[in-house]
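Below is one structure, written out as structure tokens; the observations come after it.
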Amino acid sequence: MKPTLRTSLRFDRQGMKRPDDAYISELRTAPATRYFIMADTKPVFTSNADRTAADLRWFTAAQLTGLGLNVDEAIFLGVDRKTGAGHFALALTEHRANAGAGAAELFKPLVDLRSLAMQGVMSADDISLVNQAKALTHWHEAAHHCGRCGGSTVMKDGGWKRKCNACDTEHFPRTDPVVIMLITDGERCLLGHEARFSKEPRMYSTLAGFIEPGEDLEHAVQREIFEEAGLTVGEVRYHSSQPWGFPHTLMLGAMGFADTTTINIDPTEIEEARWFSKSEAQSMLDRKHPENWWVPGQQAIARALIQAFVDGWWKKSTGAI
Ligand SMILES: [Zn+2]
């Protein structure tokens, strides 16, 4: 099962058309076009009285202009596949919002993406659009100057490129690949409690790490598991992937088969790692583990990997059964 935080298919991103400045410019003010707002990378949304459900709040260009906001730097998300209406995300700092007449009032309450995703109050589509906009917004904030010559850059292609005013170098949005891996010895799976999970003392998850330059997915899995848990991993199989806007990561989910079983953790990264049986993993998915241990929720690819282990994905994918 796919995580709730994933690629939204609601809009056609129109990669071929968005370099056309006149097209994007016209779309920005078209009556059917809608915008949602990212205020300090948190989405503006509406929610029901008890805050168990939340929807992105969509605005017209006229509404935003009336609030003193400029839509020219909004990021093009795409056109609705059913209606053809253009959709954008407008990133604001709280400072800029305060400068617009009446705009500051829109930004309450604000909840960050991680909390919204964990609470599961937004639809998968909405939360995935926030994830997409957050990754782009974060990149734009760090890309105002050219990495080659230091000149200023300007947004192009509806926010999918920046171009240096001085040397014409084109800069594209960053995506940082990370491996996240479920390691099995055939019967059990390896889960760890990372030092950074200190707020969630009973949560165990799959291990993860950045892919280094010149490294393939298989090597990254083998290296990370040796570094973090002291295990030697042989065969590695790709399972699935997930865009993860913290800030602009692509999680590449894999399963790896351990050739050794003695765990030796790196205490700077991992507080504890151990082998879990299939039934134990199932009880953690169900939040029924006798020691109250649990695993990440529906928003996370880690859960999909743990579920795949419980379902025997490795054996099925290798033709062992
Ligand atoms: Zn430059």
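The values are calculated or read from the model by the stated rules, or taken from the named source; none is laboratory data. Keep in mind the model is a prediction, meaning the values are calculated, not measured. As a convention, Cβ positions derive from the backbone with ideal geometry for all residues, glycine included, and neighbour counts pool all protein chains shown. Keep in mind that these areas ignore ligands, DNA and RNA; they rest on the heavy atoms of the full protein, side chains included. Shrake-Rupley method; radii C 1.70, N 1.55, O 1.52, S 1.80 Å.
Points worth noting:
- Applied to segment 67-83, the Karplus parametrisation 6.51 cos²θ - 1.76 cosθ + 1.60 on θ = phi - 60° returns per-residue 3J(HN,Hα) values of 8, x, 9, 9, 8, 5, 9, 5, 8, 6, 8, x, 10, 4, 5, 8, 9 Hz, with x for Gly and Pro.
- Karplus-based coupling profile of segment 173-180, in residue order and whole Hz: x, 7, 9, 9, x, 10, 8, 10, with θ = phi - 60° in 6.51 cos²θ - 1.76 cosθ + 1.60 and x standing for Gly or Pro.
- Amide hydrogen neighbours beyond the local backbone of SER241, cut-off 5 Å, H modeled: GLY253
- Surface analysis of the chain yields an accessible area of 48 Å² per residue, using protein heavy atoms and a 1.4 Å probe.
- Under 15 Å from the Cα of LYS17 - aspartates and glutamates, other chains or at least 8 residues apart: GLU26, ASP80, ASP157
- Furthest towards positive pole of dipole, SER8, ALA32, GLN63, structure part segment 1-128, Cβ charges: SER8
- Amide H to amide H distances under 5 Å link THR249 with ASP176, TRP244, where only residues 5 or more positions off or on other chains count and H is placed in the peptide plane.
- Among the trypsin sites (Lys or Arg not before Pro) in segment 256-294, those placed in a DSSP loop whose Cβ has at most 14 other Cβ atoms within 10 Å are ARG287, LYS288.
- Packing rank of 179-188, 237-246, where each peptide gets the mean count of other beta carbons within 10 Å, highest leading: 179-188, 237-246
- Segment 245-317: GluC sites (Glu not before Pro) in DSSP coil with no more than 16 other Cβ atoms inside 10 Å: GLU291
- Segment 22-73, accessible surface, carbon-and-sulfur percent (1.4 angstrom probe): 49
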